[in-house]
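Student: My questions all concern the structure below.
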Amino acid sequence: MANPATYRPKPGEIPQTPGVYRFSDEQGRVIYVGKAVNLRSRLNSYFSSVGSLHSRTQTMLRTAARVEWTTVRNEVEALQLEFTWIKQFQPRFNIKYRDDKSYPWAAVTWSQEYPRVFVGRGVKRKGNRYFGPYAQAWAIRETIDSLLGVFPMRSCTDGTFRDAERAGRPCLLGHIGKCDAPCVGKINAQDHRALVSNVCDFLAGRTSTLAKTLEAEMQDASQALEFERAATLRDKLAALVSVSERNAVVFDDGTDADVVAIADDPLEVAVTVFHVRAGRVRGQRSWVADRQDDTDLAGLLETFLIQLYADLEAETELTDAIPPLILVPQLPKSKAVLTELLSQQRGTQVAFRVPQRGDKRAILEMVAKNASEVLALHKMRRASDLSTRSRALDEIKAALNLADAPLRIECFDISHLQGSDVVASMVVFEDGLSKKSQYRRFVLKQQESNDVAAIHEVILRRFTRLLEDQGVGAGQERLLIDPTTGAPLKFAYAPQLVVVDGGAPQVSAAQAALTKLGLDIPLCGLAKRLEEVWVPGEEFPVIFSRSSEGLFLLQRVRDEAHRFAITHHRSRRSKTMLESVLDQVSGLGEVRRKALLKHFSSVKKLRQASVDDVAQVPGIGAQLAATIVSALAESTPGSAINMATGEVIDAQPDS
């Protein structure tokens, strides 16, 4: 690898103007493209302190052999040139958003004399007009099938069209009224193209205009006493309205907008977009990408939006029409510049907005949920692949110098709230997959904010139980199965790798516990900040590649332990809060408190209950129930009792 100092530009060579720069390797391949408002300041940040940069950036600098730049007049031109170069060179160190699956689109062969409509996927061709993408192929096929009853344009293949033309007989669609049969001259090219235009208008979201046109024609036919034609138009109007209503209405005011949400973790990012036209969801699409660096949410949004909107020729007609409103969870980093760029492409003003309440906030939350599900599904598919799991275990074995691949991994995490209700979790992964039947929870004896001591305690307790179950301490032979039940003993299997959530201090505490018990089990810790892997006795951490399957597996194990610990802690804290609130209610004895705890299980559920709900608990009468509800209302700041219903209501304003 090259030393960045060998190709660093001389002082004063780099201009202090906006521009775009690119790093190239020894073969001249462009490996990274970026933009800057001040080229000198941005490029100097790469070379002034290489060691402080992200590991991925350090790898890029050592892979590169030279850096070049092009100056532009303003930041808008820099954005445009950056995107052009990214599309041209496909640099491997830039984030690449790729579809999480192949989405179907509707296409109209506009360049043909008699255009046809069909549903397809994959590469798009010139001369066609595309609409979508759509989430489900069957949904758009049903929509087109219904549309053909209203606007009977051609939908057959070129071969079927030629066969019918030679035979002088239309196909089945012509006989059942879903095609006006241009193949046999029942409609001329001009009238057929008018039908095609109506279909295109509908697919592009302009349904209200079509409905008004059909309604006007129906009224004209009725006034002219053409009742059969009026009835036909009435049926077409009803069918058009029915097809339109299949798309979910999300904005009552008929807003055109794109709603963008991101779900990310330290290794990957998923983006989901809902295309809303005339208040209805007309299409949706998701992308996933590997994270290349520690770019924040605003930076990720900017890179994604550039890729989504800048190349208009490559996108479908739905996304070509940049909407006047783009809803995002956070404003992009260069909001003003991006707004100007998109406004130039649209021809009118484009606005970014972070919705705070109402239907726009609700749809953003729905899109965010979809993005989270896309990321979770991507990780599940990645984790379930046998070859990927094998590669991950081999990478961990090589990086940590293990004797064997860690087929059984146990991970421990601590959870508490300022030292109260300290709990720990143990999760088990075998052959790269979680084994939830062997998860364990611990309530720790030490109740203070000391993660290091907590890790020492839980490791000591877990592996003391291992020795007990195996019978080593009593001099008995190895015992893994309960002779009474025939079931495996809870802690009888030793892992090939122990993982703790934390850095060097937590690893040292865990190693001290293992040493005290005389056990030699491989151990490592995974720190959240930079995803560093710490091993006992080493001054520096082990750095995995950001695209490493081994790091992905360790991260998934750590995150699962964290989730399991948090769930346990919240459950215990809720019960503790409920007990403390009930202790303050006069006339409520231990037996009735236990009955309430068993019935409601949490403060949240009890606070949501009315007087009648509480009175249904055995041993709780109406008067005592009212006392309990009143006590809960007093313990909740800003709450009160609805005297009509007996419910606890929150008097604080919604945030």
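The values are calculated or read from the model by the stated rules, or taken from the named source; none is laboratory data. What you are looking at is a predicted structure, and each value in this text was computed from that prediction instead of being measured. Positions of Cβ are generated from backbone atoms using ideal geometry, with glycine treated the same way; all protein chains shown enter the neighbour counts. Areas reflect the complete protein model, heavy atoms only, side chains present, ligands, DNA and RNA absent. Shrake-Rupley method; radii C 1.70, N 1.55, O 1.52, S 1.80 Å.
Student: Give the number of residues within the range 162-182 that are over 19 Å from Gly149 (Cα atoms) and surrounded by 13 or more Cβ atoms within 10 Å (Cβ to Cβ). Break it down into steps so the answer makes sense when it comes.
Tutor: Looking only at the range 162-182, we keep the residues that are over 19 Å from Gly149 (Cα atoms), and these are 162-169.
So of that shortlist, the ones also surrounded by 13 or more Cβ atoms within 10 Å (Cβ to Cβ) come out as 163-165, 169.
The qualifying residues number 4.
Student: In this structure, is Ser155 at pLDDT 85 or above and small (Gly, Ala, Ser)?
Tutor: When the stated conditions are applied, Ser155 passes them.
Student: Which of the residues that make up the range 41-60 are open to solvent by 40 Å² or more (accessible area, probe 1.4 Å) and modelled with pLDDT of 80 or more?
Tutor: Here is the first cut: in the range 41-60, the ones open to solvent by 40 Å² or more (accessible area, probe 1.4 Å) are 41-42, 44-45, 48-49, 51-53, 55-56, 59.
Passing the criteria: Ser41, Arg42, Asn44, Ser45.
Student: Name the residue that is nearest to Gln349 (Cα to Cα), counting only residues in the range 232-276 that are open to solvent by 20 Å² or more (accessible area, probe 1.4 Å) and at pLDDT 80 or above.
Tutor: Asp256
Student: Among the residues of the range 183-193, how many are under 21 Å from Ala106 (Cα atoms) and open to solvent by less than 50 Å² (accessible area, probe 1.4 Å)?
Tutor: First, the residues of the range 183-193 that are under 21 Å from Ala106 (Cα atoms): 192-193.
Narrowing the set further to residues that are open to solvent by less than 50 Å² (accessible area, probe 1.4 Å) leaves 192.
Of the residues in the range 183-193, 1 are under 21 Å from Ala106 (Cα atoms) and open to solvent by less than 50 Å² (accessible area, probe 1.4 Å).
Student: Here is a further query. Tell me which residues, restricted to the range 353-364, are under 20 Å from Leu305 (Cβ atoms) and in contact (Cβ under 8 Å) with a residue 60 or more places away in the chain.
Tutor: Lys360, Ile363, Leu364, listed by residue number.
Student: So which of Val648, Val591, Val617 is modelled with pLDDT of 60 or more, touching a helix residue (DSSP H, G or I) at 6+ places or on another chain (Cβ under 7 Å) and over 30 Å from Leu523 (Cα atoms)?
Tutor: Details: Val648 fails: modelled with pLDDT of 60 or more; Val591 fails: touching a helix residue (DSSP H, G or I) at 6+ places or on another chain (Cβ under 7 Å).
Criteria check complete, one pass: Val617.
Student: Somewhere in the range 420-427, is a residue open to solvent by 20 Å² or more (accessible area, probe 1.4 Å) and either hydrophobic (A, V, I, L, M, F, W, C) or modelled with pLDDT of 90 or more (or both)? Give the steps one after another, and end with the answer.
Tutor: Going residue by residue through the range 420-427, those that are open to solvent by 20 Å² or more (accessible area, probe 1.4 Å) are 420-421.
Of the ones still in play, those that are also either hydrophobic (A, V, I, L, M, F, W, C) or modelled with pLDDT of 90 or more (or both) are none.
No - not one qualifying residue is present in the range 420-427.
Student: Further question on the same structure: Looking for something touching a His at 6+ places or on another chain (Cβ under 8 Å) and open to solvent by 60 Å² or more (accessible area, probe 1.4 Å) - is there at least one such residue anywhere in the range 395-418? Step through it out loud before you land on a result.
Tutor: So in the range 395-418, the residues touching a His at 6+ places or on another chain (Cβ under 8 Å) come out as 413, 415-417.
Now narrow it down to the ones that are open to solvent by 60 Å² or more (accessible area, probe 1.4 Å): 417.
Yes, that holds for at least one residue.
Student: Cβ-Cβ below 6 Å, separation at least six or inter-chain, first residue in the range 448-476 and among the hydrophobic types (A, V, I, L, M, F, W, C), second open to solvent by 70 Å² or more (accessible area, probe 1.4 Å) and modelled with pLDDT under 85: which pairs?
Tutor: Leu467/Gly473
Student: In the set Ser548, Ser508, which member is surrounded by fewer than 22 Cβ atoms within 10 Å (Cβ to Cβ) and closer than 19 Å to Asp404 by Cα?
Tutor: On the way: Ser508 fails: closer than 19 Å to Asp404 by Cα.
None of the others qualify; the one that does is Ser548.
Student: While we're looking at this one, here's another question. Are there any pairs with C-beta distances below 8 angstrom linking a residue in the range 322-348 that is more than 22 Å from Val367 (Cβ to Cβ) and small (Gly, Ala, Ser) to a residue that is open to solvent by 20 Å² or more (accessible area, probe 1.4 Å) and outside any helix (DSSP H, G or I), with the two at least 6 apart or on different chains, and if so which?
Tutor: Partner pairs satisfying both residue conditions: Ser343/Gln349.
Student: While we're looking at this one, here's another question. In the range 4-40, how many are polar (S, T, N, Q) and open to solvent by less than 70 Å² (accessible area, probe 1.4 Å)? It would help to see each step written out before you state the result.
Tutor: Taking the range 4-40 as the starting set, the residues that turn out to be polar (S, T, N, Q) are 6, 16-17, 24, 27, 38.
Cutting the leftovers down to open to solvent by less than 70 Å² (accessible area, probe 1.4 Å) gives us 17, 24, 38.
The total comes to 3.
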